[in-house]
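Written out below as structure tokens is the structure these notes cover.
FYI, it's all coordinate maths here, none of it is from the lab. Note that the structure is predicted; figures quoted are calculated from it, not measured. A quick note on method: Cβ atoms are made from the backbone with ideal geometry, for glycine too, and the neighbour counts reach across all protein chains shown.
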Amino acid sequence: MKPELSVVIPVYNEEAGLAKLFARLYPALDKLGLPYEVVFVNDGSRDSSAAILADQFRARPDVTRVVLFNGNYGQHMAILAGFKATRGEIVVTLDADLQNPPEEIGNLIAKMREGYDYVGSIRRERQDSAWRTHASKAMNRLRENITHIKMTDQGNMLRAYGRNVIDLVNQCNEVNTFIPALAYTFSRKPTEIVVEHEERAAGESKYSLYSLIRLNFDLVTGFSLMPLQFFSILGIGLSFVSAALFVVLLLRRFLFGSEVEGVFTLFAIAFFLMGVILFGIGLVGEYVGRIYQQVRGRPRFVVQAILEQSADTTMKELQ
Ligand code: UDP
Ligand code: MG
């Protein structure tokens, strides 16, 4: 039977928390009383997550499907692969670490039933380290200003998407992307609800500072050209200021003769401008690098096997 609801969960080295996740997720979904499926995507975990997922598939083969990557391609690629495997009219994404309570899925669905095709979520009280919460709020504000995407809390993955949105996302071939933003651009009637957020059930965050910075660059470069335009305008502004400075210096040369004061001020200004230039080059590089990855057109992720129960597709088992 075709499920009405598909739940997509990316999994990367989550062996310590998966049992707890299953224990809360399946009862919460059973309680909804509608046909559902859970699609786990193992993002190349190096621990025993894949084996635990395979066991869960054997325990609940009717409602469980497992996509196994051959390596680590990142949370957003894992969700994309999960999307391709879904069949439900409503698709909900969720983190595997129980930071998103599975009991909230019912609230997302209730909101979808009111006619929305995208239900985002706002964490009532975020349970992450203070620096992350603040940095994330700042990025949220920046994104709000430079893209057309309206999201109160971009970082939360507990979201519901309509089939129309998922079908369009599945047509995209973006190498670097940010799913909540990409899906938002395709939604006709988006909304948000407030949800709970819990501390990680086990293990620790899979995002290093570096991968968080990369992810935020994906978000900015993927959905806006404003940073580049900002630099063009800054360049124009600085050219005018330097032209004015040149005129002032020329006048002073005639009025007061040659002056050599202020050499260090000059250094400070020069270093500052060099910093601006380097930042600008780096920014252009962020776009160029992504264009390069895109034109190379290598596979975005490699699916090693899919565990699913079906009469017409071959069932592959873990080696
Ligand atoms: N994740 C993934 N691949 C990665 C990193 C993370 O599939 O390369 C998964 C991870 O297993 C979890 C979700 O993405 O289900 C969110 O990751 P995490 O909880 O570490 O991020 P945080 O909550 O700290 O933002
Ligand atoms: Mg988490």
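Observations on the structure shown:
- Gyration tensor (alpha-carbon) shape descriptor, the stretch 1-150, a/c threshold 1.5: oblate
- Mean residue ellipticity (222 nm) of the chain, computed from DSSP H runs ≥ 4 via -39,500 (n - 2.57), nearest 500: -16500 deg cm²/dmol
- Neighbour-count ranking [beta-carbon atoms within 10 angstrom, fewest first] of Ile306, Ile79: Ile306, Ile79
- Between the stretch 204-274 and the stretch 113-189, the alpha-carbon centres lie 32 Å apart.
- Neighbour-count order for Thr93, Thr147, Thr265, Thr185, fewest beta carbons within 10 angstrom listed first: Thr265, Thr185, Thr147, Thr93
- Working from label points 7 Å from Cα in the Cα-to-Cβ sense, the Ala270 to Gln304 distance is 5.6 nm.
- Here the extension length gained between Gln171 and Val284 equals 38.0 nm, from 0.36 nm per residue of separation less the Cα-Cα distance.
- Shape of the chain, Cα gyration tensor, a/c cut at 1.5: prolate
- Taking the charge dipole of the stretch 1-127 about its Cα centre, with +1 at Lys and Arg Cβ atoms and -1 at Asp and Glu Cβ atoms, the residue from Ala50, Leu34, Tyr12 reaching farthest to the positive side is Leu34.
- With neighbour counts taken as other beta-carbon atoms within 10 Å, the residues Thr133, Thr177 rank, fewest first, as Thr133, Thr177.
- The long axis of helix 209-223 is offset from the longest Cα principal axis of the chain by roughly 80 degrees.
- Subtracting the Cα-Cα distance of Ala138 and Asp55 from their residue separation scaled by 0.36 nm leaves 25.7 nm.
- Within the chain, longest stretch clear of exposed GluC sites (Glu not before Pro) (DSSP loop, no more than 11 other Cβ within 10 Å): 1-113
- What the Cβ-Cβ distance of Arg252 and Ala130 gives, at R0 = 45 Å and to the nearest 0.05, is a FRET efficiency of 0.35.
- Links that overshoot a 27 Å alpha carbon limit, given the list Lys111/Lys150; Lys20/Lys137; Lys31/Lys150; Lys137/Lys189; Lys20/Lys150; Lys111/Lys206: Lys20/Lys137; Lys31/Lys150; Lys20/Lys150; Lys111/Lys206
- Considering only Met226, Tyr207, Phe186, the residue lying farthest towards the positive end of the dipole of the chain is Met226, judged by Cα position with unit charges set on Cβ.
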